[in-house]
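> Okay, handing you the structure first.
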Amino acid sequence: MKKWLLFLVLSLPILFLAWRYLTKEPTTAIVENKEIKRFIYASGYVEPDNFVLVKAEVSGTVEKVPVKEGERVNKNQVLAIISSEDLDASIRDLEVRLRLTEERLDKNSPYLRALKERVDASQKQMEQARREYERREELARDGLIPKEQLERFKSTYEIYSREYEANLNQYKDAIMSLQTERKSLLANIQSLKARKEKYFVKSPVDGVVLSRFVKEGSYINHLSQENVLFGVGNPEKLEVILEVDEEYAGMIKEGQKVFLSIDSLAGQTFEGEVYLKEGQLDRTKKTVKVKVRANLPQNIPAYSTVEGKILIEARQAILVPKEAVEEGKVLKYERVRTVEVPVKVGQEYNGYFEVLEGLKVGDRVILR
């Protein structure tokens, strides 16, 4: 009897633990209907609105830089002047030649006057020879002079006629040549003056000189990759440039929300909106630029680093914790029993699977 009591006393703790184990509630979760969001992550920078990098179109030494960083400028305002001494010398040379040409084109110029006098003199000789020939022609009809004499006067008249025609054509050709030369010189001068405009580096937009990379005396090679003289934009209105990986480019659309964090404003988040996706990929980086408008503080330095989350999808879905799914099945907990249920799941969202088939909202599942 004592042995049996001893056995019973020793067995009680084991029986209690077994009872606690068998009656213990499993760890469960409720299948819920929640909003799911999908984001594309991208990094980029802050850029002033309407920002442009101003480059030179010609090579040469910078003669003057009449603007400073932070100065407000208007569209077409001169930012820098590149020396154009050789071009100016060419223009001056052409203008001298043009002036001489126009002087010779004047009908009272010694050149044209001499040619005209030659024409007039040969015309008088021709007319005198013509009159003498016509008189001899009348005499020959009356038989008063021999035919040989008439032919001699006719030959003289023809010689003077050809000489007159030659002098007249020379006069006309001289005028036409001078007019052609004048037209060519004017065209060349106009072309060089238009080219000279390129030696005045102008702002293509209204804005503020945000950066200046050139100083007086610098030599500019307009074919060089370093040909950047100024950065001009509107610092009062900022936009964000994000660089999105090529594989996600097709998911980006105008109007999508973007959540931004800026390194220079740690701990703050700003909401923006995609307003432009560039149509050309950067072949080196394999990214596409996406422009975002956001209400940002004006004190953000240009080109501050930005991290962005572009919201590409937001919708309601039935979700089950990832820990409840094992080999396409879940343990559905029904209080008095546990049922193994096959379930079809979709994508994972922050530790949850989207339920496509097999469960409904409110079902309780065991976490494993």
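> In nm², what is the average projected area of the convex hull enclosing the Cα atoms of the stretch 32-177?
Numbers: hull surface 100.8 nm².
Mean shadow area of the hull around the Cα atoms is 25.2 nm².
> Enumerate the amide H contacts of residue 205 below 5 Å, restricted to partners 5 or more residues apart or on another chain; note that Pro and chain-start residues carry no placed amide H.
The list, which skips near neighbours in sequence, is 76.
> If you take every DSSP beta bridge whose two residues both sit in the chain, what share of them, in percent to the nearest 5, is antiparallel? Present the calculation step by step, with values, prior to reporting the outcome.
Working: 77 of 77 bridges.
Of those bridges, close to 100 percent are antiparallel.
> Now for a separate question. Per residue of the stretch 259-275, what does 6.51 cos²θ - 1.76 cosθ + 1.60 with θ = phi - 60° give for ³J(HN,Hα)? Whole Hz please, x for Gly and Pro, Karplus curve as stated.
In residue order, the calculated couplings are 10, 10, 10, 10, 4, 6, 10, 4, x, 10, 10, 10, 9, x, 8, 5, 10 Hz.
> I'd like the chymotrypsin sites (Phe, Trp or Tyr not before Pro) in the stretch 26-117 restricted to DSSP loop residues with at most 10 other Cβ atoms within 10 Å, sorted by number. Working shown, then result.
On the way: sites: 39, 41, 45, 51, 111; in loops: none.
Qualifying residues, ordered by number: none.
> Still on this structure, please answer the following. Once amide H atoms are placed 1.01 Å from N in the peptide plane, what residues at a sequence separation of 5 or more from residue 61, or on another chain, have their amide H within under 5 Å of its amide H?
Hits under the 5 Å cutoff: 83, 220.
> Related question: How large is the helix-only mean residue ellipticity at 222 nm for the chain, computed as the sum of -39500 (n - 2.57) over DSSP H runs with n ≥ 4, divided by its residue count, in deg cm²/dmol to the nearest 500? Walk me through the intermediate numbers first.
Numbers: 4 runs with 125 residues, N = 368.
Result for the chain: -12500 deg cm²/dmol, rounded to the nearest 500.
> For the stretch 128-261, what is the relative contact order in percent, using Cα pairs closer than 8 Å and at least 6 residues apart in sequence?
Taking the mean separation of contacting Cα pairs over the length of the stretch 128-261, I get 15 percent.
> Also: Using a 1.4 Å probe on the protein heavy atoms only, what accessible surface does residue 323 show? Give it in Å² to the nearest 10.
100 Å²
> Can you find, among 161, 100, 149, the residue sitting farthest towards the positive end of the charge dipole of the stretch 98-165, where Lys and Arg contribute +1 and Asp and Glu -1 at Cβ?
Towards the positive end, the residue furthest out is 100.
> Give the accessible area for residue 206 in Å² (nearest 10); use a 1.4 Å probe, count only protein heavy atoms, and leave out ligands, DNA and RNA.
Rounded to the nearest 10, that gives 90 Å².
> Taking the Cα centre of the chain as origin, work out the dipole magnitude from +1 charges on Lys and Arg Cβ and -1 charges on Asp and Glu Cβ, in debye rounded to 20. Display every interim value, and only then the final one.
Details: 61 positive and 59 negative charges, 250 e Å.
That gives a dipole near 1200 debye.
> Seen from all sides and averaged, what is the projected area of the convex hull of the Cα atoms in the chain, in nm²? Before the final figure, lay out the partial values.
Working: hull surface 170.7 nm².
Averaged projected area of the chain's Cα convex hull equals 42.7 nm².
> Using protein chains only and a probe of 1.4 angstrom, how many square angstrom of residue 285 are accessible, to the nearest 10?
Probe radius 1.4 Å; accessible area of residue 285 about 120 Å².
> Largest first, please: the extent of the C-alpha atoms of the stretch 220-368 along each principal axis, to the nearest Å.
84, 33, 24
> Please give the per residue accessible area of the stretch 221-368, computed with a probe of 1.4 Å over protein heavy atoms only, in Å². Mind showing how you got there, number by number?
On the way: 8840 Å² over 148 residues.
That works out to 60 Å² per residue.
> Please work out the Cα center distance from the stretch 39-72 to the stretch 172-224, rounded to the nearest Å.
23 Å
> OK, next. Residues with amide H under 5 Å of residue 238's amide H, sequence separation 5 or more or different chain, H placed in the peptide plane at 1.01 Å from N; which?
49, 296
> When Lys and Arg each count +1 and Asp and Glu each count -1, what net charge do the other residues less than 11 Å away from residue 57, Cβ to Cβ, add up to?
Values: positive: 55, 195, 198, 202; negative: 197.
Combined, the nearby Lys, Arg, Asp and Glu give +3.
> At 0.36 nm per residue, and after removing the present C-alpha to C-alpha distance, how many nm does the segment from residue 132 to residue 198 gain when stretched out fully?
Numbers: separation 66, 0.36 × 66 = 23.76 nm, distance 6.81 nm.
Gain in length upon complete extension: 16.9 nm.
The values are calculated or read from the model by the stated rules, or taken from the named source; none is laboratory data. Remember, predicted model here, so these are calculated numbers, not experimental data. Heads up, the Cβs are rebuilt from the backbone with ideal geometry, glycines too, and the neighbour counts pull from every protein chain shown. Please note that ligands, DNA and RNA were not included when accessible areas were found on the heavy atoms of the full protein model with its side chains. Shrake-Rupley method; radii C 1.70, N 1.55, O 1.52, S 1.80 Å.
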